[in-house]
Amino acid sequence: MSALGVVQIVIFALVLTALVKPLGGYMARVYQGERTFLSPVFAPLERVLHRVCGIDANAESSWKGYAGSLLLFNFIGFVAVYLLQRWQGVLPLNPQNFPSVGAESAFNTAVSFASNTNWQGYGGESTMSYLTQMLGLGVQNFLSAASGMAVLIALIRGFVRRQATQIGNFYVDTIRGTLYVLLPLSALLAVILMSQGVVQSFSAYQTVDLVQPGQVTQQTIPLGPAASQIAIKQLGTNGGGFFNVNAAHPFENPTPLTNFLEVLAILLIPAALCYTFGRMVNDTRQGWAVFAAMTIIFLPLTFGVLGAEQSGNPRLETLGVDQTGSQLHTGGNMEGKEVRFGIANSALWAAATTAASNGSVNSMHDSFTPLGGLVPLWLMQLGEVVFGGVGSGLYGMLMFAIVAVFIAGLMVGRTPEYLGKKIEAFEVKMASLVLLIPCVVVLVGTAVATALPAGVSSVANPGAHGFSEILYAFSSAGNNNGSAFGGLSANTPFYNIALGIAMWISRYWLMIPVLAIAGSLAAKRSVAVTAGTLPTHTPLFVAMLVGVVLMVGALTFLPSLALGPIVEHLQMIGKG
């Protein structure tokens with residue numbers, strides 16, 4: 001394993017950790033309604049939005065009311081994105097005169113962006129107008145991310161409040177997350193990206209002469225308002241690319257600096273929310289414990305991708321292909337990777353984008369070695385809780401924490417407690433739904449697709465790798481990630497509908513149980529800490545939490561992984 005590659009990953013982890021406390025503390029103040037340094041700028045705008053939208057900032061709702069507002073708000077977003085695509089051909093800001101998007105693809109894309117998945121079965125620069133990209137996809141990048149953060153904040157209030165019937169106001173929480181967190185960070189990142197060469201333009205595509213013409217003498221250069229969308233796609237763990245090849249495109253990710261900042265942005269808010277959680281429950285040790293559990297899972301798996309890709313493909317050696325040389329740039333498996341990024345940056349991005357429910361890529365996961373591709377696949381299958389999506393990753397990890405304290409309670413024969421609240425049958429049932437629904441969606445969806453001609457006909461590769469392509473697609477949709485293995489032709493009626501349903505179920509059938517737990521916890525009294533209370537900020541609990549996450553993921557998906565990347569690896573290293 002390249003020492004320089006290891007150093008790059010370690011530096012990334014240190015920078016990320018250093019930003020957790022300042023950003024996490026700031027977000028805690030935002031959601032607690034405290035004054036921040038941006039209040040003079042955004043507080044007046046916040047009040048205007050409340051008046052225009054008819055929102056009573058002092059009115060709160062029960063968990064059912066909160067869930068109803070969430071579903072209504074997201075459904076309106078879904079309809080808006082669907083109609084924008086269907087009417088795109090007659091709407092303005094369409095300099096390339098792209099026609100309207102077909103019904104199945106429009107449905108898939110609308111569900112995808114409303115659910116913070118951003119799965120794309122189309123090529124952005126050849127399908128979507130500037131208006132659709134900005135008003136439809138770009139706006140949903142903000143609102144879907146803010147929705148996930150709002151649900152997390154509601155859950156935190158459930159732990160904090162005592163004998164309460166209300167958990168907050170969804171609209172107030174969503175506006176705060178958008179105005180005070182997502183908007184300023186995105187504006188800052190977008191300006192930096194533009195300074196590095198990321199395009200931001202309303203001009204039509206440009207046709208230019210090639211410097212070395214051959215049979216082809218000209219090339220069309222796609223343009224568009226990309227930088228503004230790329231900033232929020234990374235910060236909001238959305239991931240949908242403005243261009244088809246996503247962050248591997250030089251107009252989206254032109255330099256090593258933009259690559260570092262974009263991959264840092266993927267994990268920045270999910271990591272910082274751990275500290276926000278600790279601040280809001282008045283015990284920052286709890287937040288650091290969850291952050292530690294996430295990091296303990298993330299770093300070894302990232303090094304696993306790096307090692308697998310730098311080991312190369314032994315089958316190529318028999319063809320006389322040289323896989324040696326600089327371990328950072330040309331050594332190992334460089335297929336599907338940008339030379340300007342190399343193996344280390346590609347491995348780090350692949351792990352980060354699938355640990356978070358981001359889904360953007362700067363290399364093609366389909367071209368990774370079998371074990372190199374297994375890690376991103378498994379990171380999604382863990383439930384997108386290793387940092388995960390903004391808000392959704394942390395509330396998913398807290399569901400695992402509830403299960404962990406329940407198991408600990410069974411071991412010592414007492415009622416489990418977490419953050420001063422008794423964890424009883426209702427909370428365990430709801431947490432189990434959150435953990436198991438994505439597993440069912442992934443495995444059932446994969447089974448159906450492999451059994452039907454409509455599912456198999458889209459596979460470009462036979463055997464184990466073809467199975468991995470289908471498994472990856474449903475793992476991505478079923479965990480709201482959005483990345484693709486690459487060899488699957490998914491823009492078909494079958495996959496547009498099947499993956500759309502998977503994305504819808506895995507977003508909203510998880511949010512509702514989380515809010516139900518928030519309501520149940522808020523109504524309870526606090527429990528006094530005794531000698532029998534399990535401390536949930538210690539290394540022992542961190543180890544137990546990590547064990548529960550890995551055990552659920554391994555037991556659920558090992559058989560399917562054995563049919564895909566594991567058997568492909570054995571075929572690769574085998575003889576004959």
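List of remarks:
- Which of His249, His569, His365 has the fewest Cβ neighbours within 10 Å, and the rest in rising order: His569, His249, His365
- Rounded to whole numbers, the Karplus 3J(HN,Hα) couplings from phi for region 414-429 are 9, 5, x, 9, 9, 6, x, 10, 5, 9, 10, 4, 4, 5, 5, 4 Hz, using 6.51 cos²θ - 1.76 cosθ + 1.60 with θ = phi - 60°, and x at Gly and Pro.
- Each residue of region 78-94 is assigned a 3J(HN,Hα), and the resulting list reads 4, 5, 4, 5, 4, 5, 4, 5, 5, 9, 3, x, 10, 9, x, 6, 9 Hz, derived from the Karplus form 6.51 cos²θ - 1.76 cosθ + 1.60 (θ = phi - 60°), x at Gly and Pro.
- Rounded to whole Hz, the Karplus (6.51, -1.76, 1.60) HN-Hα couplings of region 134-143, x for glycine and proline: 7, 6, x, 6, x, 5, 5, 4, 6, 6
- Near Val527: Cβ cut-off under 9 Å, other residues only, Lys/Arg at +1 and Asp/Glu at -1. The net charge is +3.
- Every helix of 4 or more DSSP H residues in the chain counts as -39500 (n - 2.57), and over all residues that averages to -20000 deg cm²/dmol at 222 nm.
- Each peptide in 278-291, 369-382 receives the mean, over its residues, of other Cβ atoms within 10 Å, and ordering these scores from highest gives 369-382, 278-291.
- Charge dipole of the chain about the Cα centre (unit charges at C-beta), most positive-ward option of Pro559, Val386, Phe113: Val386
- Added length on full extension, which subtracts the Cα-Cα distance from 0.36 nm per residue, Thr36 to Val52: 3.4 nm
- Highest to lowest packing among 481-494, 145-158, scored as the average C-beta count within 10 Å: 145-158, 481-494
- Residues of type lysines that Lys21 reaches as a straight line, Cα spacing below 23 Å, ignoring anything fewer than 8 places off in the same chain: Lys233
- Considering only Ile573, Val151, Ser201, and ranking their Cα positions along the charge dipole of the chain that arises from unit charges at the beta-carbon of Lys, Arg, Asp and Glu, the one farthest toward the positive end is Val151.
- 26 Å tail of the calculated P(r), region 20-153, as % of Cα pairs: 38
- Peptide packing: for 205-211, 337-343, the average count of neighbouring Cβ atoms within 10 Å per residue gives the ranking 337-343, 205-211, highest mean first.
- Within the chain, the proportion of Cα pairs with more than 43 Å between them is 16 percent.
- Kirkwood Rh, Cα atoms: Rg over Rh of region 299-415: 1.16
- Region 391-573: mean projected area of Cα convex hull, nm²: 12.2
- Fewest-first ordering of Ile192, Ile230 by other beta carbons within 10 Å of each residue's beta carbon gives Ile192, Ile230.
- Length-normalised contact order for the chain - Cα pairs under 8 Å, 6+ apart - percent: 20
Taken together, the values in this text are just the output of simple stated rules run on the coordinates, not laboratory data. Keep in mind that what you see is a predicted model, and the values were worked out from it rather than measured. A quick note on method: Cβ atoms are made from the backbone with ideal geometry, for glycine too, and the neighbour counts reach across all protein chains shown.
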